[in-house]
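Right, one structure below, let's go through it.
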Amino acid sequence: MRSIRVQFFSIIIAVLLILLVLLNTYPLTASRDLVFQEKESGMLSQATVIASSLSGLDSISRAGIVEVLRLMDVSGYGRIAVADDKGQLMYDNGSGELPEELSRALEGKSVFRSVFDESAFVSACAMPFSVQNGSLGAVYLYERDEERAALIMTVQGRIRVASLIIAGLAIVVVLGFSELLLRRIRELVRSMRIVAGGDYAHRLGVRGRDEISELGEEFNLLTERLDETERQRRRFVSDASHELKTPLASIRLLADSVVQNENVDMATVREFVTDIGHEAQRLQRTTEELLDLSRLDDGVQVLPEPVDLKQVTLDALVLLRPLAVEKQVKLQLELDDGCVIMANTDDMFHVIFNLTENAVKYNVPDGYVRLQLSADEENVTLSVSDSGIGIPEADRLNIFSRFYRVDKARSRASGGSGLGLSIVHDAVIAHGGSISVGSNKPQGSVFIVKFPRPGDGETGI
Ligand SMILES: Nc1ncnc2c1ncn2[C@@H]1O[C@H](COP(=O)(O)OP(=O)(O)O)[C@@H](O)[C@H]1O
Ligand SMILES: [Mg+2]
């Protein structure tokens, strides 16, 4: 793995290097070129002035030259020389050797040359001229400027020092910054490993308001959801095992007493076996309900089809009428036509069956259950109200949770697993609907389920 820091650092170092090289070369060459230009124009114009003064002489003679130079300010030059057309030095305040520039100027054109050797600008210039008697000569100027060179070198030195300091500071700042950044990323990675290891209660401490903090917050939200899901799963597994354990224990007990009791009469055996049958039925219902729930959880949806809720209600009532008769509960129906939604018929059957079964089961003798079905522009509404025992306010929030029962003994006695309303809830939500529970006047409960009405043409009816 290539660390971000290495990548980051390489880029910064590359940029810094380019900057340093530029800073340490460009100002030097630019100011050197400027000095070259200045020297060239200065020396050439000076040479021109001298050459034109010399061309006023009758002939090239040392005395004449001395005379001309005396009238001029040439003190700034290290060497001045004048040669005649044969290359003879007629005047020279230097080494006495014929400079190369001078012999080239004798060929007829002016010459300039300047070099910079870090300690000085060394410049030389030569220019041809002709005197009154027609003979040709050339004048040579030489200068060594240490002052300018020193100035440029000092400025250059300062730039170098300053740029080194800036580069050092930049590296320190970048290192510090990347260290801070990396520390936070490492913290995030560490937290991810902890959570991946199974500690869902772990939370990352989030500081600041930048992208990394955002990442941290998202991570915490994710972990929280994971935590909640895991808690739910554990509770569900333990509740489910408990629900299955109780009837199984009864079955074993009943079977054991039949087997171990040698002189048990036929009537008792029949009674016990009937009880075993009931328990087995309860187990069967619970497992079926668990399977329904898991199907709803998976979100595996059968293709929705047009479902006429009135027809489904009538179908459910065929199965529930005997229970209503047994409980002495009257069924009142107010079912409008045209309550059609796009849904899964089996799911809708579960919804209506469970709500109605509860309303009958948790009722009182001579009570009633009222089923109302109506539709308006936006919704199809199913209302199941009863005159039963009602649900205490405090329990209403939990009533849709898995295995929740208000009165455990009573519910179990009537064969309930506490899963019915969770299935109702999940099925309603899966079909885009909503469900609410309230109390009925003067006593009992009301469950109201709303489904959005499909748009025109969607139901195909
Ligand atoms: N119409 C109702 N009147 C009173 N109590 C109800 C009604 N419907 C549901 N309950 C309460 O809600 C609990 C959960 O219902 P449900 O999930 O269908 O489980 P159960 O298998 O016990 O019927 C029931 O045990 C019961 O205590
Ligand atoms: Mg029920």
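When only the Cβ of Lys, Arg, Asp and Glu is charged (+1, +1, -1, -1), the dipole of segment 1-91 relative to its Cα centre reaches about 700 debye. Modelled spin-label separation between Ala201 and Leu175, with each label point placed 7 Å from Cα along the Cα-to-Cβ direction: 4.2 nm.
What angle do you read, to the nearest 10 degrees and between 0 and 90, between the alpha-carbon axis of helix 266-298 and the longest principal axis of the chain? The two axes meet at around 20 degrees. Listed by chain and number, the lysines whose alpha-carbon sits under 22 Å from that of Lys327, ignoring those within fewer than 8 places in the same chain, are Lys361, Lys408, Lys441.
Basic side chains Lys and Arg get +1 at the Cβ, acidic Asp and Glu get -1 at the Cβ, and with that the dipole of the chain about its Cα centre reaches some 1280 debye. By the count of other C-beta atoms within 10 Å, a proxy for reagent exposure, Met90, Met266 are ordered fewest to most as Met266, Met90. Neighbour counts of other Cβ atoms within 10 Å put Cys339, Cys125 in the fewest-to-most order Cys339, Cys125.
With respect to the chain, whose longest principal axis is taken over its alpha-carbon atoms, helix 146-196 is tilted by about 10°.
Could you tell me which of rounded, prolate or oblate describes segment 290-346, using a ≥ b ≥ c as the square roots of the eigenvalues of the alpha-carbon gyration tensor, with rounded for a/c under 1.5 and, failing that, prolate when a/b is larger than b/c and oblate otherwise? Because a/c hits 1.5 or more and a/b fails to exceed b/c, segment 290-346 counts as oblate.
Remark: Ile166, Ile391, Ile11, Ile341 ranked as Ile11, Ile166, Ile391, Ile341, counting other beta-carbon atoms within 10 Å and listing the fewest first. Segment 203-217 and segment 160-200 have Cα centres separated by 15 Å.
Any read-out appearing in this document is the output of simple, stated calculations on the displayed coordinates, not a laboratory observation. This one's a predicted model, so the numbers in the text were calculated from it and none came from an experiment. Note that we place each Cβ from the backbone using ideal geometry, even for glycine, and neighbour counts take in every protein chain shown.
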